[in-house]
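Worksheet: one structure, shown below.
Derivation of every value follows stated rules applied to the coordinates shown; laboratory data play no part. Source: prediction; values computed, not measured. Cβ coordinates were reconstructed from backbone atoms using ideal geometry, including for glycine residues, and neighbour counts include every protein chain displayed.
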Amino acid sequence: MESELKDFNSKPSKPNANGNNTNIIRDDRPLLKSESTVSVAVSSDSIHEMEKKYAAYVRRDVYGAMGRGELSVKEKLLLLFALVTLFPIRVIVAAIILLFYYLICRVCTIFYDPNRDEEQEDYAHMSGWRRSVIVGCGRGLSRAMLFIFGFYWISDSSFNHNSDTQKEDKHQPEEIGRTGVIISNHVSYLDILYHMSSSFPSFVAKKSVSKLPFVGLISKCLGCVYVQRESKLSDSKGVSAVVTERIKEAHQNKSAPLMMLFPEGTTTNGDFLLPFKTGGFLARAPVVPVILKYHYQRFSPAWDSISGVRHVIFLLCQFVNYMEVIRLPVYYPSQQEKDDPKLYANNVRRLMASEGNLVLTDIGLAEKRIYHAALNGSLSQC
């Protein structure tokens, strides 16, 4: 799955405060690759100043920025011990779980034609015993995978509130009991495993994910909506339209899979909440806000300024990992919010920040790339 979901309604970037146009930063570039055009722009800023400016992406665990900080002797010994004992065991068991679930999906999809809609292909609308087996096994094995990764206990709680932004609407009885989409903050690729174990929803992913070994078929069984960035054909249905249709269907049909969206568009260190994109709010359907928080002492499970391989190694070498889930009540939009998706998104965002004790920030993916480029630049000078 791709952790960095793009805005469903693509708009040209606006000049920043320095008058520079952020269009020079393409969203399809690897996050941890330094670019000369970016490194020049930030070379005059110190890393300390950058950390204040881009605090949402700063790692504050013992491994430091990019996971390359200086470790104490004790930490090196703990890491070495886990690397030769715990790490290989977890990798083997996780691989077995992945292969086992892939075989389940393969058996359940034999002689069954997937739904095909232009560039989309999935088994989300499968029914009967096939769907029951895929969902049941998927939820159980996802939780088993989290257990293998060290998340032995997950604190999952519901949160009641009396926020002014959550108004009761007695004129919408048909909405009671059924939502169309889950809205969550985005901290790590582990978020996906949790949501799979909790509600087994459909996600948004790159088109290339559908072609990956093992994961590709699983993503189709999840009913993922694929993003083809290179395709700009006018006759192709936009991702926003596909997602909106899926949310409306889930809202009206209890047998349809829920959509799961990360409206921030990228991951943070878990202490902040980025501006929300409006794609998940265009359907005017009620949403379920979910807040994920990862508590740590040594290594932070947040996937922000660290490479994927290094992150997986450190994660699997940590003996215990902690996750807290705060599940807010279904948010029913007012008529004003239905007419203004941006207002709807902002109100849900403020509610999540308030109840989850998260800091609101206005920075986004472009600033994240600048910060990563600065880290790469400082590393190359060492």
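Data overview
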| quantity | calculated |
| --- | --- |
| Under 11 Å, Cβ to Cβ, from residue 217 - net charge with Lys/Arg +1 and Asp/Glu -1 | +1 |
| Above-threshold pairs, the threshold being 30 Å between Cα atoms, out of 53/207; 207/254; 74/206 | 53/207; 74/206 |
| Interchain or long-range residues, amide H under 5 Å from residue 360's placed H | 273 |
| Rounded if a/c under 1.5, otherwise prolate or oblate - region 268-382, Cα gyration tensor axes | oblate |
| Label-to-label distance, nm, for residues given as residue 127 and residue 71 (7 Å Cα→Cβ offset) | 5.3 nm |
| By average C-beta atoms within 10 angstrom, highest first, the peptides 47-53, 182-188 | 182-188, 47-53 |
| Modelled FRET efficiency - R0 25 Å, residue 156 with residue 60, Cβ distances, 0.05 increments | 0.50 |
| Charge context of residue 156, other residues only, Cβ under 13 angstrom, K/R +1, D/E -1 | +2 |
| Sites residue 340 and residue 215, calculated FRET efficiency, Cβ-Cβ separation with R0 51 Å, nearest 0.05 | 0.85 |
| Diffusion constant of region 46-153 at 20 °C, which comes from Stokes-Einstein with the Kirkwood Cα-pair radius and 1.002 mPa s, µm²/s | 118 µm²/s |
| Residue 47 versus residue 78: modelled label distance in nm, points set 7 Å from Cα along the beta carbon direction | 2.2 nm |
| Neighbourhood charge, 13 Å Cβ-Cβ cut-off, centred on residue 98 and excluding it, Lys, Arg +1 and Asp, Glu -1 | +2 |
| Segments 81-93, 319-331 sorted - mean Cβ within 10 Å per residue, highest first | 319-331, 81-93 |
